[in-house]
Structures are given as C-alpha cells and as structure tokens.
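Below is one structure, written out as structure tokens; the observations come after it.
The values are calculated or read from the model by the stated rules, or taken from the named source; none is laboratory data. Bear in mind that the values here come from a model prediction, so they are computed numbers and not experimental data. Backbone-built Cβ (ideal geometry, glycine too); neighbour counts: all protein chains shown.
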Amino acid sequence: MSYPKTPILGGYLHMKTATGTRENVKVIEEFTSGGLKVEVLEYEKLLGLSNASMAQQIYFMEQQHIHVRQIALYLNNEKVTIERGAMSYFQGNIEMVSGVTLGNALGKLVRGAVTGEQMAQPEYSGTGLLVLEPSFKHFLVLELAANESIIVDDGMFYCAQGSVSVKVISQRNLSSAVAGGESFFQQQLTGPGIVILESTVPMSEVDIIDLENDTLKVDGNFAVLRSSTLDFTVERSAKTLMGSAVSGEGLVNVYRGTGQVWLAPTIKVYDTLDLAQMLGLSSTKSMNMNTSHSKVK
C-alpha cells in the first residue's frame, strides 16, 4: 500500500474546480492515479448559522480543528465506485451504472438478504467532476498495487477507482468475529487503484504496523484495516485462564503472517467520549469507563 502520487494537472485543466466560488473551501490533499484525480476539500468555516446555540457549537468545533471535509473526483475517461448515498453532484459527460448485471443479480440479492447489504454500489464513468457528500469524518486515501488486497470494517468504504474490486466477505470463524468485536461481514478491496476510506480518526493518529512472518496481538477492535494475506483469530491473552486473570486481559485479536495492520488506538477515547455525551456524563468520568471493546464506525 502507498500514498498516491502528487498529480500533474494536464488533461484536468479544462474541468471545473470543485472549490468553485466558495472562498472558505480549500484543497488540503491531492492524489492521482491513471485517469482519476482526487481532491480532499476542507471548509475553513461554516457561516450559515441560524441561532446562537448552533453558533456556539460550531465555534468550539472550529477551535478544536473539527472541520467539514468533502471528496472531489476528477474523471478523465475513468470509472469510480462509491458508497451508496455518498454522491452529492456531478458535472460533465458522466454516466451512472448500477453495477448489477443479469449474471450477478441473483447472487447480490441473496447476499443482501443475509448481510443487509444494498443491492449494488453505484458506479460512475466518463469525463467530468463528481463531488461526494460532506462529512465531519476524516478521509484515508491509499493506493493498492495490482492484486494487493485489504479488508476493512463495514461502513469504512467510501470510494474506489474503477480498477479496484469491491466485495463483501464473511469472517471465516463466526465465534472469532463475535468474540473479537469485529463485524461478521466485512469489505475486501483488491487493487490496483485508489481507495478512499471514511474514518473517525485522522491519518496522523493511525499507526501502520508491518508484519513479516510475525504476530500482532491487539486488545480491542481498533484495527481499521488489515492485509488480506494475514490470518485473523481471537485468542486468550495468556496460555492459561489463571494467566489471563492475572494480566487483567481476556481475549485479544491476533494477526499472523506477512502484511500490514492499521491501528487507531485513539478511537477508543473518541467512542468513550461519545458514549459519555449521550449519557450526560462529564468528560472526567467518561475517561474512567472501560473502552476495551470500542468499534470504528
């Protein structure tokens, strides 16, 4: 996995820019691969405030550098697959296709009945500009090599270049999925091409662990991504029940083999604060809550 290279505009110069006439929107990241250029946009300020309560909330969010972000996709005879409901608007010679054919319709229908997955994720192809829905979350952009495959938790996939295969897979072991706090159904993305994930945490808080015939044990399900080449199991933290009791840890998620695991340890903190806010607890009390089974959303 790698970060996509910085783009040379070239054939994209004739296209409308995604920032348009909006003076408070800036491009914070740019990536390119083949006929696709990706821009990550950020709103410096939200100015359409209608009451004092909303203004106060937005003010404190901006003080903590919490901004609205948006993905802009420039297609040059290219195709992209996006999460259902993520499209905001597009301009140019772009067509949408359902991704459903007579050959795969039955399989998608059966799988959807079991997993709750939508019938198909829309695909857009052609030349023009496609802008996705704004979000307070962060976008993780990476580029997969040919035949390189990763597994992400359900709900993280946001967009992918048309050359990337996107499919739903099931955990090999149901008990491991339940015990490890992982979704039984996850998404597998296989390259080559750019992949965009939607995440609660920014890339600066993601710890990329490289394994080479090695083992990684994680207490909690804050691994947001893993290589498909890795074996995933859930095991006791110690060889004996007494050892687990002494260590204070029960089950751990175990990754074995060669590949990468992306860890986001701070997701446990954010999830705890979210839960505390819903329960009306103070931030001090919330930090004392058990966060060992937090989950990326």
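Brief remarks on what is shown
- Subset tally (residues that are touching a Lys or Arg at 6+ places or on another chain (Cβ under 8 Å) and crowded, with 21+ Cβ neighbours inside 10 Å) for the range 123-142: 3
- Residue in the range 72-85 that is of a type in the set (A, V, I, L, M, F, W, C), part of a strand (DSSP E or B), at pLDDT below 95 and surrounded by 14 or more Cβ atoms within 10 Å (Cβ to Cβ) present: no
- Screening G20, G11 for residues that are at pLDDT below 85, more than 29 Å from A120 (Cβ to Cβ), assigned to a helix (DSSP H, G or I) and of a type outside the set (V, I, T) leaves exactly one candidate, G11.
- Annotation note: of T229, T200, the sole residue that is touching a strand residue (DSSP E or B) at 6+ places or on another chain (Cβ under 8 Å) and either modelled with pLDDT of 95 or more or aliphatic (A, V, I, L, M) (or both) is T229.
- Total residues in the range 202-218, condition over 25 Å from R256 (Cβ atoms) and either without any contact (Cβ under 8 Å) to a residue 24 or more places away in the chain or among the β-branched types (V, I, T) (or both): 1
- Figure legend. Inter-residue proximity from the range 34-61: first residues among the small types (G, A, S), second residues modelled with pLDDT of 85 or more, beta-carbon distance below 6 Å, spacing 6+ or different chains. Indicated pairs: G35/N76; G35/N77; G35/E78.
- If the condition is being in contact with a Ser or Thr (Cβ under 9 Å, 6 or more places away or on another chain) and of a type in the set (S, T, Y), then the range 32-61 contributes T32, S33.
- Hits in the range 238-297 (condition: at pLDDT 90 or above, among the hydrophobic types (A, V, I, L, M, F, W, C) and in a loop (DSSP other than H, G, I, E, B)): A264
- Residues in the range 197-223 that are of a type in the set (V, I, T) and not in a loop (DSSP other than H, G, I, E, B) were compared, and the one that is nearest to the chain's Cα centre (by Cα) is I208.
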